[in-house]
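Structure first, commentary second.
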Number of protein chains: 2
Amino acid sequence: MNSNLRKPLLDPSLERPDWQKSTPRTNEKLWLDKNENLDPYLLEVTSSILSELNPMTLSTYPECAELYRKIAKWTNTSPDSLILTPGSDGAIRLAFEAFINEGDSVIHTLPTFAMYPVYSKMFGAKTYPLVYEKSEDGPKLTLEKILSHINEIKPKLFCLPNPDSPTGTVLELKDIKRILAVCIETNTIVLIDEAYHPFYEDTCVGLIHEFKNMIVARTFAKAWGLAGLRIGYAVGNPEIIKFYHKLRPMYEVSTISIAFMEKMMDHADAMYDSVRRLSEGKKYFCEEMKSLGFKVLKTHGNFQHVSFGNSAEKIHEVLKNHVLYREDFKEECLSGYSRFSITTIEKFRPIVDLIKKEMKNG
Amino acid sequence: MNSNLRKPLLDPSLERPDWQKSTPRTNEKLWLDKNENLDPYLLEVTSSILSELNPMTLSTYPECAELYRKIAKWTNTSPDSLILTPGSDGAIRLAFEAFINEGDSVIHTLPTFAMYPVYSKMFGAKTYPLVYEKSEDGPKLTLEKILSHINEIKPKLFCLPNPDSPTGTVLELKDIKRILAVCIETNTIVLIDEAYHPFYEDTCVGLIHEFKNMIVARTFAKAWGLAGLRIGYAVGNPEIIKFYHKLRPMYEVSTISIAFMEKMMDHADAMYDSVRRLSEGKKYFCEEMKSLGFKVLKTHGNFQHVSFGNSAEKIHEVLKNHVLYREDFKEECLSGYSRFSITTIEKFRPIVDLIKKEMKNG
């Protein structure tokens with residue numbers, strides 16, 4: 001029946017991880033590999049909400065209107081500017097589902113979130129990646145390069161995570177506004193992926209009325225510590241969002257995720273406290289690494305890059321039984337850097353101590 | 001930016017319910033309107049599993065391999081025959097995503113699950129509905145009519161819920177095998193939607209190796225009583241399922257739904273007990289309705305149709321403060337019938353008593 005498949009599915013380069021394999025993580029190690037928020041103080045709040053959930057949420061179909069109102073209030077938008085999605089990934093996929101026909105042009109940065117290249121292939125788009133260059137200060141992508149690439153390609157869709165991942169880089173709001181203005185001329189939809197908000201506080205959400213060609217993707221997986229609920233949202237001008245709702249599945253997300261988030265939205269303070277704690281942890285970690293002579297990059301997500309230089313091999317050896325993290329990158333712009341999801345000072349300390357001890361002894 | 005949208009989204013008949021409205025249901029009434037499984041004994045089991053969930057499932061990304069193994073075991077298939085989806089709705093959408101290009105032909109029954117016409121429009125398919133006829137025994141669709149329609153249209157995709165909803169009708173396995181054989185000749189993919197399994201026990205899952213043109217959609221929302229988790233799956237020949245996985249989002253479903261189902265799969269007995277209890281409730285309800293002279297249809301889902309005939313108006317009036325149900329259908333083949341989700345004898349009894357009392361007095 002392969003002859004019946006949509007053509008993009010026959011692209012052999014559209015490959016996905018094997019679903020029959022899993023990599024269970026043991027409690028013996030600290031998990032700093034997936035940029036989850038495992039802040040134990042936030043987990044106290046979320047655990048308590050979980051224990052208060054009405055079990056009827058298990059057996060009943062979802063009703064979402066109240067959560068739309070709460071998110072609208074928190075984002076200072078309106079429910080007709082919003083659509084709930086399974087994580088920011090769901091909001092990203094919607095952009096392809098809404099706008100991309102086979103053969104359309106898409107620009108995404110590179111390296112970036114794994115799903116941009118995947119959705120480009122899945123929907124048969126031609127991609128024109130904007131490749132980060134290596135620099136002393138880490139991955140670099142100038143506004144000039146972005147604008148000239150957009151003007152040259154005139155893509156249907158431009159995907160711009162801000163902050164980007166894994167680079168941790170950001171564009172300032174004034175630069176994004178210039179991009180958006182150029183994209184109006186080139187008839188380009190701009191998807192701003194703000195998965196790391198409010199680890200990085202600046203946001204494009206306030207621009208939805210000025211720029212109808214922009215959609216912002218958000219998730220509760222990062223700052224809110226709820227990667228396990230698969231819930232996020234897209235924010236945009238109501239004229240666009242109304243078409244996104246035409247693409248809605250039967251229900252956006254699960255009743256249990258909705259019921260949970262309805263309660264959690266009343267605890268935004270706990271999320272902000274957690275962001276503050278993890279940012280303090282990041283600062284602590286960076287200072288300690290710098291004091292050891294290691295280079296750290298300025299990153300704006302909930303992760304931190306550090307280059308252990310010539311000591312990399314022995315430090316990986318020391319850390320391997322204690323913490324899961326990304327040891328290195330194949331991409332040139334981050335080559336030689338290790339990435340740690342940020343955590344609290346208390347949880348970073350034993351890792352820092354191990355590194356310090358190794359550097360003293362070694 | 002409307003000019004950038006995929007053309008099917010501009011179809012004005014692609015309409016969806018308003019996401020800013022909700023219809024909260026109060027605890028004063030029995031909810032028999034959405035074919036959920038609200039069996040209180042099953043809810044005891046699911047509540048207990050909910051209370052035992054590790055709160056870390058909230059904050060961590062999913063790992064699915066173990067659940068694939070458990071579902072493979074329960075369905076007597078293999079993990080490479082399966083893909084997890086957000087409810088059976090997600091499995092249905094995948095069929096459109098995998099096979100439908102704009103302008104392709106789709107056959108679905110009518111009336112049927114609301115999303116078949118919606119996905120047909122969303123993906124720009126031309127639809128050729130197979131309309132159920134009204135008969136003394138309820139909605140009727142003959143094998144001859146189905147086969148001749150398929151031979152005439154030669155569709156890319158044929159969507160066949162078995163049992164169908166809202167009709168409650170089924171096709172026997174031997175008839176489905178004839179359809180599948182014809183569909184091989186017409187190069188048609190057949191989607192068998194078994195959302196109501198095992199309220200109706202016969203299944204096409206055993207045919208996945210014989211018929212590579214067939215995919216079965218399943219959900220945990222009905223018999224398993226877990227409409228609030230949005231989890232289901234598609235089963236098919238590994239040659240097809242491998243392409244479905246190319247369409248997989250970042251994660252199929254939430255960590256919390258996966259963690260829950262991993263435990264729940266060890267309690268299949270509780271699900272079977274619930275199906276038995278609700279089937280007894282259905283039998284009780286049907287017998288009581290027949291004893292009052294009302295016509296009931298033979299239905300195979302977790303719902304029951306009854307025609308209150310000339311007494312309809314007064315019975316709706318009597319029941320309206322006590323139970324939510326579907327009073328009537330606009331579709332000719334079910335016109336004059338009311339639909340109740342089935343429940344336990346204990347929960348049906350007060351409803352039956354109200355109807356009996358009204359018929360005695362009235």
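The values are calculated or read from the model by the stated rules, or taken from the named source; none is laboratory data. Because the structure is predicted, anything quoted here is derived from the model rather than measured. Here Cβ is always computed from backbone atoms with ideal geometry, including for glycine, and neighbour counts include all displayed protein chains. Note: accessible area is taken over every heavy atom of the protein model, side chains too, but ligands, DNA and RNA are not part of it. Shrake-Rupley method; radii C 1.70, N 1.55, O 1.52, S 1.80 Å.
Only a single item in (1) open to solvent by 10 Å² or more (accessible area, probe 1.4 Å); (2) more than 12 Å from chain B (Cβ to nearest Cβ) is not met by A:C64, and it is number (2). Exactly one residue out of A:A217, A:A270 is under 21 Å from the mean Cα position of the chain (by Cα), within 14 Å of chain B (Cβ to nearest Cβ) and surrounded by fewer than 24 Cβ atoms within 10 Å (Cβ to Cβ), and it is A:A270. Applying the set (1) within 17 Å of the chain's Cα centre (by Cα); (2) within 13 Å of chain A (Cβ to nearest Cβ) to B:S257 leaves exactly one unmet item: (1). Count of the range A:1-28 residues, restricted to those that are surrounded by 14 or more Cβ atoms within 10 Å (Cβ to Cβ) and more than 7 Å from chain B (Cβ to nearest Cβ), is 2. Considering only residues in the range B:243-252 that are out of contact with any Asp or Glu (no Cβ under 7 Å at 6 or more places or on another chain) and open to solvent by 10 Å² or more (accessible area, probe 1.4 Å), the one that is farthest from the other protein chains (Cβ to nearest Cβ) turns out to be B:E252.
Of all residue pairs spaced 6 or more apart or on separate chains, those with beta-carbon atoms under 8 Å, a first member in the range A:89-105 that is in contact (Cβ under 8 Å) with a residue 12 or more places away in the chain and more than 10 Å from chain B (Cβ to nearest Cβ) and a second member that is crowded, with 24+ Cβ neighbours inside 10 Å and in a loop (DSSP other than H, G, I, E, B) are A:G103/A:A125; A:S105/A:A125; A:S105/A:P155. Considering every residue within the range B:196-209, establish whether at least one is touching a residue at least 40 places away in the same chain (Cβ under 8 Å), within 14 Å of chain A (Cβ to nearest Cβ) and touching a Leu at 6+ places or on another chain (Cβ under 7 Å). For the range B:196-209, residues touching a residue at least 40 places away in the same chain (Cβ under 8 Å), within 14 Å of chain A (Cβ to nearest Cβ) and touching a Leu at 6+ places or on another chain (Cβ under 7 Å): absent. Among the residues making up the range B:229-242, a single one is open to solvent by 10 Å² or more (accessible area, probe 1.4 Å) and within 20 Å of the chain's Cα centre (by Cα): B:R230. So, of the residues in the range A:108-124 that are more than 8 Å from chain B (Cβ to nearest Cβ) and free of Cβ contacts under 8 Å to residues at least 60 places away in the same chain, which turns out to be nearest to the chain's Cα centre (by Cα)? Restricting to residues being more than 8 Å from chain B (Cβ to nearest Cβ) and free of Cβ contacts under 8 Å to residues at least 60 places away in the same chain, the top hit is A:T112. Taking every residue in the range B:32-60 that is facing chain A (nearest Cβ under 7 Å) and without any contact (Cβ under 8 Å) to a residue 40 or more places away in the chain and pairing it with any residue that is in a loop (DSSP other than H, G, I, E, B) and among the hydrophobic types (A, V, I, L, M, F, W, C), at least 6 positions away or on another chain, the pairs with Cβ-Cβ distances below 7 Å are B:S59/A:L38; B:S59/A:L226. Check the range A:69-82 and report whether any residue there is open to solvent by 50 Å² or more (accessible area, probe 1.4 Å), more than 8 Å from chain B (Cβ to nearest Cβ), outside any loop (DSSP other than H, G, I, E, B) and not charged (D, E, K, R). Yes. When B:P86, B:P129, B:P117 are checked against the criterion of being within 24 Å of B:I258 (Cα to Cα), touching a strand residue (DSSP E or B) at 6+ places or on another chain (Cβ under 8 Å) and open to solvent by 10 Å² or more (accessible area, probe 1.4 Å), a single residue qualifies: B:P86.
Which members of the range B:243-278 meet the condition of being assigned to a helix (DSSP H, G or I) and under 21 Å from B:L58 (Cα atoms)?
B:T255, B:I256, B:S257, B:I258, B:A259, B:F260, B:M261, B:E262, B:K263, B:M264, B:M265
Of the residues that make up the range A:42-57, is at least one part of a loop (DSSP other than H, G, I, E, B) and closer than 30 Å to B:N101 by Cα? There is no residue in the range A:42-57 that is part of a loop (DSSP other than H, G, I, E, B) and closer than 30 Å to B:N101 by Cα. Please tell me if A:S59 is modelled with pLDDT of 95 or more and either surrounded by 21 or more Cβ atoms within 10 Å (Cβ to Cβ) or more than 27 Å from B:W224 (Cβ to Cβ) (or both). Here the answer is yes, as A:S59 does meet what is asked. Cβ-Cβ contacts under 6 Å between residues 6 or more apart (or on different chains), taken from a first residue in the range A:162-190 that is open to solvent by 10 Å² or more (accessible area, probe 1.4 Å) to a second residue that is small (G, A, S), are listed as A:S165/A:G301.
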